[in-house]
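**Q** One structure, pasted below without further comment.
What follows is calculated from the coordinates using simple rules that are stated; it is not laboratory data. All of these numbers come straight from a predicted model, not from anything done at the bench. Positions of Cβ are generated from backbone atoms using ideal geometry, with glycine treated the same way; all protein chains shown enter the neighbour counts.
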Amino acid sequence: MAEILILNGSPRAPRSNSKRYAELFSESCRGQTRYLAVGRDNHQELCGALEGCTDLLLVFPLYADGIPVPLLHALKAFEEQPPKRRPTVSVLINCGFYESEQNDAAVDMVRQFCRQAGFPFGSVLEIGSGEAILDTPFRAMVRGKIKKLARAIETGKHSALRVTMPISRGMFVKASTKYWIRYGAKNGVTAEQMATMQIEGSAPNGK
Ligand SMILES: Cc1cc2nc3c(=O)[nH]c(=O)nc-3n(C[C@H](O)[C@H](O)[C@H](O)COP(=O)(O)O)c2cc1C
């Protein structure tokens, strides 16, 4: 029976979309699962948890077309201190943009890690519009794909899956723009301010 370690690689793990996706995965699984969040100081705990599991599922958001840095550091620790038997690594990644293909580069990074560190690579689920989809009626589509991912990992018949909202790109851009403008207004930030490089009062060049 599969023993799956689910690692949440979101830098905002306790209130992340990745946590919600990880919970849906646990509910869909017939095998044993354990959930841990990647932190700055818990690499020893994570390396210990890798011992004895058959599968590792990395659940994380796309950050700047790549892997969030805390997760990269954890992967480095796994390469340096690998478990006696390396588990098969699968990926459940979500991104803010509409296209699930935005996640391809980050998945390739995990593939490259597996090749380099000698871990078998398993299944993938790439979610587009991952910030929004769980709060729409399309969440049923995500649940379906997560179930398929769970079956693929449990049976070892690995597959690559994708899902996004079944609406046009134009509709997605319109709806998301409206959402973020309202969200900014709630926090006292205008659309014009959001369109600048200013972050909490300081420009990226320090001015
Ligand atoms: C610093 C940062 C960088 C991001 N970069 C991308 C990106 O390159 N492409 C994209 O589609 N979404 C990007 N996003 C959006 C996240 O992938 C999206 O909001 C995701 O749902 C966050 O998941 P989480 O709550 O599990 O952290 C970024 C978000 C942040 C905060």
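**Q** Give the lysines reachable from K157 as a straight Cα distance under 29 Å; neighbours fewer than 8 places away on the same chain don't count.
**A** Straight-line reach from K157, under 29 Å: K19, K76, K84, K145, K147, K148.
**Q** Mean separation of Cα pairs under 8 Å and 6+ residues apart, divided by the residue count of the chain: what relative contact order is that in percent?
**A** Rounded, it is 18 percent for the chain.
**Q** Which order do peptides 132-141, 48-57 fall in by mean Cβ count within 10 Å, highest first?
**A** Values: 132-141: 14.2, 48-57: 18.6.
Listed from highest to lowest mean packing, they are 48-57, 132-141.
**Q** Let me ask you something else. Listing M165, M1 from the residue with the fewest other Cβ atoms within 10 Å to the one with the most, what is the order?
**A** M1, M165
**Q** Using alpha carbons only, what's the Rg to Rh ratio of the stretch 96-144 with Rh from Kirkwood?
**A** 1.10
**Q** Applying a 10 Å radius around every beta-carbon, put 13-20, 109-116 in order of their mean neighbour count, most first.
**A** Averaged packing, sorted descending, gives the order 13-20, 109-116.
**Q** One-quarter of the Cα convex hull surface for the stretch 3-48, in nm²?
**A** Mean projected area of the Cα convex hull: 3.2 nm².
**Q** Rounded to the nearest 5, what is the percent of antiparallel bridges among the DSSP beta bridges in the stretch 13-130?
**A** Beta bridges within the stretch 13-130, antiparallel portion: roughly 10 percent.
**Q** Viscosity 0.692 mPa s, temperature 37 °C: what is the translational diffusion coefficient of the chain from Stokes-Einstein with a Kirkwood Rh over Cα pairs, rounded to a whole number of µm²/s?
**A** Diffusion coefficient, whole number: 182 µm²/s.
**Q** Can you list residues whose amide H is under 5 Å from L57's amide H, if they're 5+ apart or on another chain and H is modeled 1.01 Å from N?
**A** L5, I6, L7, S90
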